[in-house]
Amino acid sequence: MPTIHYLLKDGTTREVDAKVGASVMETAIRGNVRGIDAECGGCCSCATCHVYVDDAFIALLPPPDDMESALLDAVASERQAGSRLSCQLTVTAALHGLTVRVPDTQV
C-alpha cells in the first residue's frame, strides 16, 4: 500500500496509507489531513485541494489537463511549478512515498 506524505503548514508531516486507484485528495480526506478542503468533492471545480508536489515526483505524474491548469491559475496560494489539484492525482504503486506540501490557504 503506497504511503503519501503531507507536509502541513505548521511544519508537521502526516503520513497516510493510500489505496491504489484513490486520489491524493481522497486519501487526505480519509486521513483527516488539515488544509485539504476539497469543497467540490473531487470533481475538479473548486481548487481547494491544491498541493505542491515534491520535485522528485513530478515526472511520475501526467501533466495537468486544461481544466486543472485553468483552476490552478486561480488558486488562493501562489501557483508554483509543482502545483497540482490533489483530486486529479491518482495513486499508483509507483507513487509510494509521494510528498506533497499543503499551501498556507485554500480560500
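The values are calculated or read from the model by the stated rules, or taken from the named source; none is laboratory data. If you're wondering where the values come from, they're calculated on a predicted model, not measured in any experiment. Glycine also receives a Cβ, built like all others from the backbone with ideal geometry; neighbour counts cover every protein chain displayed. What goes into the accessible areas is simple: the full protein's heavy atoms, side chains included, and nothing from ligands, DNA or RNA. Shrake-Rupley method; radii C 1.70, N 1.55, O 1.52, S 1.80 Å.
Of the residues making up region 48-107, just one is farther than 20 Å from Thr13 by Cβ, among the polar types (S, T, N, Q) and in contact with a helix residue (DSSP H, G or I) (Cβ under 7 Å, 6 or more places away or on another chain), namely Gln88. Checked against (1) open to solvent by 20 Å² or more (accessible area, probe 1.4 Å); (2) of a type in the set (A, V, I, L, M); (3) in a helix (DSSP H, G or I); (4) in contact with a strand residue (DSSP E or B) (Cβ under 9 Å, 6 or more places away or on another chain), Ala76 passes all but a single condition, namely (3).
Check region 79-101 and report whether any residue there is open to solvent by less than 40 Å² (accessible area, probe 1.4 Å), in contact with an Asp or Glu (Cβ under 6 Å, 6 or more places away or on another chain), among the β-branched types (Val, Ile, Thr) and without any contact (Cβ under 8 Å) to a residue 60 or more places away in the chain. Explain how you work it out, then say what you get.
Within region 79-101, the subset open to solvent by less than 40 Å² (accessible area, probe 1.4 Å) is 82-87, 89, 91, 95, 97-100.
The next check asks that each one be in contact with an Asp or Glu (Cβ under 6 Å, 6 or more places away or on another chain); those that pass are 85, 99.
Narrowing the set further to residues that are among the β-branched types (Val, Ile, Thr) leaves 99.
Now narrow it down to the ones that are without any contact (Cβ under 8 Å) to a residue 60 or more places away in the chain: none.
Checking region 79-101: not a single residue is open to solvent by less than 40 Å² (accessible area, probe 1.4 Å), in contact with an Asp or Glu (Cβ under 6 Å, 6 or more places away or on another chain), among the β-branched types (Val, Ile, Thr) and without any contact (Cβ under 8 Å) to a residue 60 or more places away in the chain.
Between Asp55, Asp104, Asp65, the distinction of being touching a Ser or Thr at 6+ places or on another chain (Cβ under 6 Å) and not aromatic (Phe, Trp, Tyr) belongs to Asp104 only. Summed over region 2-57, residues that are surrounded by fewer than 16 Cβ atoms within 10 Å (Cβ to Cβ), assigned to a loop (DSSP other than H, G, I, E, B) and of a type in the set (Val, Ile, Thr) total 2. Taking residues in region 61-73 that are within 10 Å of Cys44 (Cα to Cα), and partners anywhere that are assigned to a helix (DSSP H, G or I), the pairs with Cβ atoms closer than 8 Å and at least 6 places apart or on different chains are Glu68/Gln88.
Can you tell me how many residues within region 79-107 are outside any loop (DSSP other than H, G, I, E, B) and over 13 Å from the mean Cα position of the chain (by Cα)? It would help to see each step written out before you state the result.
Start the filter on region 79-107 by keeping residues that are outside any loop (DSSP other than H, G, I, E, B), which leaves 83-88, 90, 93-95, 99-101.
Still in the list and also over 13 Å from the mean Cα position of the chain (by Cα): 93-94.
Total satisfying the criteria: 2.
Would you pick out the residues in region 81-97 that are in contact with a Ser or Thr (Cβ under 8 Å, 6 or more places away or on another chain) and closer than 11 Å to Ile4 by Cα? Selection gives Val91, His96, Gly97.
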